[in-house]
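The structure under discussion appears below in the form of structure tokens.
The values are calculated or read from the model by the stated rules, or taken from the named source; none is laboratory data. This one's a predicted model, so the numbers in the text were calculated from it and none came from an experiment. Using ideal geometry, Cβ is built from the backbone for each residue, glycine included, and neighbour counts are taken over all protein chains shown. Areas reflect the complete protein model, heavy atoms only, side chains present, ligands, DNA and RNA absent. Shrake-Rupley method; radii C 1.70, N 1.55, O 1.52, S 1.80 Å.
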Amino acid sequence: MFLFESLTWAQVLMWFVVLGALIGLNELVRWSKKAAIGIFIVLPIILTIFVWPHTAGAGSSTGTWFHWVKVYSALAGCIGFMLIRYNKRLASNKYMLWFPPAILGLNILEAVIRDFQVAGFAEGVVDGVYMIGGPWNIMNGVAGILNLVAICGWVGIFVTRDRFQDMLWPDMLWFWIIAYDLWNFAYVYNCVGDHAFYAGAALLISCTIPAFFIRRGAWLQHRAHTLAFWMMFTMAFPTFVSDSQFAVDSSRSTTALFVVSLVALLANIALVVYQVRTIIVKRRHPLHDELYPELAAFQAIAAERPADARPGEVHNATVPA
């Protein structure tokens, strides 16, 4: 195969099990505040004290600085989003609305740094993972920077008034999500290629499906949840993606590495070009305004905005009813 080794039926079946489990757990923590507190606060404390020091130590494929930073930054995002979702005061505070783009940008930046770091590695096993450093890492690092600077419209974030109290972000539309997915898959494929079958493909699809078909506008919430689930699991059971019968190695093809990074770079260049054109033509400020209120996809999400939301504090763009 181009990206991965030949797959067994057990590996394919497990891919769907992982995908279904991530989507199901995401729905659980959307439905239940108690479940969210238990999974994102209580469980990580237990794992930090009793499990991860033994399973994610030196020599483990999930024992690098990146995995430790990633699990806690993902959990910080989940907890921060819970505060926004369940505290009306914070949800209406324009300064608190800087938290979602900040934690998202931090997660992207962590991966960009790792891509640049891996670019200098010789082919071989590093930190328990087989890596092939090269120009593809640089290409994808640039793609990640472009994706980061294209984050926009956080002034329009709001919390729904239904039982889910989801955090919706109307300006985070499908073209940004697809560009992110392509970049992030390329990152995982470049830096932890033998984990990419699950941590790349299944994990990314597990938050994209809900964002397109279950709750539009809540992609960042879905992403934080599913990433935290996956990171906690793999740090507790690192052999699942390295030595079990379900582990899938990448093809370790430099052509594949180059192609996925090139696709990610081109997609993010297109994203930034489109955004810059919108800013210039519509005369909008990327730090103060929502950029895409004319788009039908934006309007479908913004239609759920509570009627008593204060435009001066929550969003600046006028959205058709």
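Some notes on this structure:
- Of the peptides 122-131, 173-182, the ranking by mean beta-carbon count within 10 Å, highest at the top, reads 173-182, 122-131.
- Solvent-accessible area of ILE145 with every protein chain in place, 1.4 Å probe, in Å² to the nearest 10: 80 Å²
- With 10 Å bins from 0: P(r) over the chain, alpha-carbon pairs, percent: 6, 26, 35, 23, 9, 1
- Mean separation of Cα contacts under 8 Å (6+ apart) over length of the chain, as relative contact order %: 26 percent
- With protein chains left intact and a 1.4 Å probe, residues in the range 1-83 average 49 Å² of accessible area per residue.
- Candidates ALA202, ALA267, ALA35: whichever shows maximal mean-square fluctuation once the chain is modelled as a Gaussian network with Cα springs under 10 Å: ALA35
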